[in-house]
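Let me begin by presenting the structure, written as structure tokens, before commenting on it.
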């Protein structure tokens, strides 16, 4: 019984260790839990400009800390969530958003993966169609009489 309980605790502990840890420092946390919750949600939507694939909530970079503090200051000043995001994107551009909006400057980000997939699928289809034609002998001409005699002679030597 004890070993099962110990194994369960170890399993839970290893699962907890695998979860991403937020990089928010204790001195950044707001006293108002409602504002802190909004700040956390906004921080999950903003990209760390140093790490690039992490949100500012997960990053330990000094710039991410500055952005977390900036978000909290704007919330304390009474800004709405949309206004905070507008303020940050006005300063850093759409790149700071983990989910950039679909517009003329970001259309390649949204459509690019589908274009690459379509081009790859078309190239694969053309390649496979070409191989099928070669394997079926559609592109080869029949042997001339002289070629057939030489082939027969070579085969008889074996």
- Out of all the residues in region 73-108, which are in contact (Cβ under 8 Å) with a residue 40 or more places away in the chain and in a helix (DSSP H, G or I)? 75, 76, 81, 84, 85, 88, 92, 95, 96
- Could you tell me which numbered condition residue 52 fails, if it satisfies all but one of (1) over 25 Å from residue 101 (Cβ atoms); (2) at pLDDT below 85? (1)
- Could you please find all residues in region 38-56 being surrounded by 23 or more Cβ atoms within 10 Å (Cβ to Cβ) and in a loop (DSSP other than H, G, I, E, B)? 48, 56
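The values are calculated or read from the model by the stated rules, or taken from the named source; none is laboratory data. Just so we're clear, the structure is a prediction, and the values are computed from it rather than from any experiment. No Cβ is skipped: glycine too gets one built from the backbone with ideal geometry, and neighbour counts run over all protein chains shown.
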